[in-house]
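Reviewing the structure listed below.
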């Protein structure tokens, strides 16, 4: 299915560290290729450099060595085609839910120029998007009037409103209870199937990775190295019941082993 | 419900209690009104000199608000500049601390040499006392933005001024409005101090002339009026603060 598509992200032997050349190495000689429209999950033990990978790809942090291309061009600063969501929803408390979702449209060049003119149109789009994640009626609520799950939904909408080619998700469901989390897997899968952005999802949760992704990368303990790449061939749209099938459990066992083995050495 | 009532009435009870205690002490210890006039004597002085006190109070209020307004404008601007740039903050830090350490009463004679006796030295003194807390608070609000918020905007290709206007300034507003309450009371101190040294009108001037005539009850009446003006202005800015930055004090709202 992903055979003839062009690759949108390419890392060749990328090393990244914090605090200069002698600093802490977060990611060592990582090489990977991500195709346009692919849903990639990155799993690994905590502190293995998963989040660093996102900082790298988004251009927020430069690599130490190696080359990094996004959409055919080398990355030299923050990209403008990204949407990003974090473990904390990071909504702005002085803005209502809908105004938080509209934030990217006020910033991204192609939208910001016509923002005043298209205001009603954009508000409609934002309100529709909020409705698809089950937040209709909450447009005018402030973040602190929403539950954690609702905030995270709004945060997803904010990451998606400007139809980014690249969606970077840094453990977006990590702080939620299991039921809300599984609920949001469905939401995210539906949004992805509809819009087909390229997604990189960083997570601790193997079930989450297998449920959502086309490809799961496992990163080893610090310094992070890419130690395996697994294609998930399960049919889409995937159902929550699928996570209890033998094939699914088999996959999660084999991934779990890869993480565990490397850590013990 | 009962607790809410208690909470509302406590400030009144305490304030009235303070004056009652004051009155009791004066009566019981038979303190001469030349040393410490009782609240009733102060009240009598206020009613006999009402027009005089109020016209001078108005003068002080205008002076204070003018100096305060300058302080707000300058404090907000300067606070934003040094809050947005750690380099500029470092550069101005010694000067800022130095200026704030100078007792403002000490600059009044210099101001008199420059501007003569009158309203302008008082306005400038009020400005000088009110500015510092605004600068520091606005700068703190800007400098303590969560890095993740900046990342949210930076991955969208936001420029520095966009991060400042979308996150920095709104984020600094609770700090700014909180500082206004403090700044307005400091502005009163500044203007009254300047008036006692070099002015032809104002509460400070009235106090100096009254004490020159050994009219101690009038001095106290003027002091109480300054205190009342301070409380009223503080409350005005507390209300403005709650209106403008309700989102920052939500925890209490949710609990209540």
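The values are calculated or read from the model by the stated rules, or taken from the named source; none is laboratory data. The shown structure was predicted, so the numbers you read here are calculated from the model rather than taken from an experiment. Positions of Cβ are generated from backbone atoms using ideal geometry, with glycine treated the same way; all protein chains shown enter the neighbour counts.
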* To do: Within the range A:33-63, track down each residue that is assigned to a loop (DSSP other than H, G, I, E, B) and either away from chain B (no Cβ under 12 Å) or farther than 24 Å from residue A:195 by Cβ (or both).
  => A:36, A:37, A:38, A:44, A:45, A:46, A:47, A:48, A:49, A:61, A:62, A:63
* **Number of positions in the range B:155-187 that are surrounded by 24 or more Cβ atoms within 10 Å (Cβ to Cβ), within 26 Å of residue A:85 (Cβ to Cβ) and either in contact with a helix residue (DSSP H, G or I) (Cβ under 7 Å, 6 or more places away or on another chain) or not assigned by TED's automatic domain parsing to the domain that holds residue B:240 (or both)** => 3
* Asked: In the range A:68-90, which residue that is out of contact with any strand residue (DSSP E or B) (no Cβ under 8 Å at 6 or more places or on another chain) and part of a loop (DSSP other than H, G, I, E, B) is nearest to residue A:146 (Cα to Cα)?
  -> A:89
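Only residues that are within 13 Å of chain A (Cβ to nearest Cβ) and under 21 Å from residue B:243 (Cβ atoms): list them for the range B:132-164, please.
Step one: of the range B:132-164, the residues within 13 Å of chain A (Cβ to nearest Cβ) are B:141, B:145-164.
Within the range B:132-164, B:141 is the sole residue that qualifies.
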* To do: Would you check which residues across the range A:151-161 are touching a residue at least 40 places away in the same chain (Cβ under 8 Å) and more than 10 Å from chain B (Cβ to nearest Cβ) and list them?
  => A:151, A:152, A:154, A:156, A:157, A:160, A:161
* To do: With the condition kept exactly as written, say whether any residue in the range A:106-120 is surrounded by 22 or more Cβ atoms within 10 Å (Cβ to Cβ), within 14 Å of another protein chain (Cβ to nearest Cβ) and either within 20 Å of residue A:176 (Cβ to Cβ) or in contact with a helix residue (DSSP H, G or I) (Cβ under 9 Å, 6 or more places away or on another chain) (or both).
  => yes
* **Residues of the range B:109-150 that turn out to be on the phi > 0 side of the Ramachandran plot and in contact (Cβ under 8 Å) with a residue 24 or more places away in the chain, as a count** => 1
* Pick from the range A:92-105 the residues that are in contact with a helix residue (DSSP H, G or I) (Cβ under 8 Å, 6 or more places away or on another chain) and more than 9 Å from every other protein chain (Cβ to nearest Cβ): which of them is farthest from residue A:149 (Cα to Cα)? -> A:105
* Asked: Here is a list of conditions, (1) within 25 Å of residue B:195 (Cα to Cα); (2) without any contact (Cβ under 8 Å) to a residue 40 or more places away in the chain; (3) surrounded by 15 or more Cβ atoms within 10 Å (Cβ to Cβ), and residue B:38 meets all of them except one; can you say which number that is?
  -> (1)
* Just give me the residues in the range A:73-91 being more than 9 Å from chain B (Cβ to nearest Cβ) and at positive phi, in sequence order. => none
* Taking the range A:64-79 on its own, how many of its residues are within 20 Å of the chain's Cα centre (by Cα) and farther than 19 Å from residue A:199 by Cα? -> 1
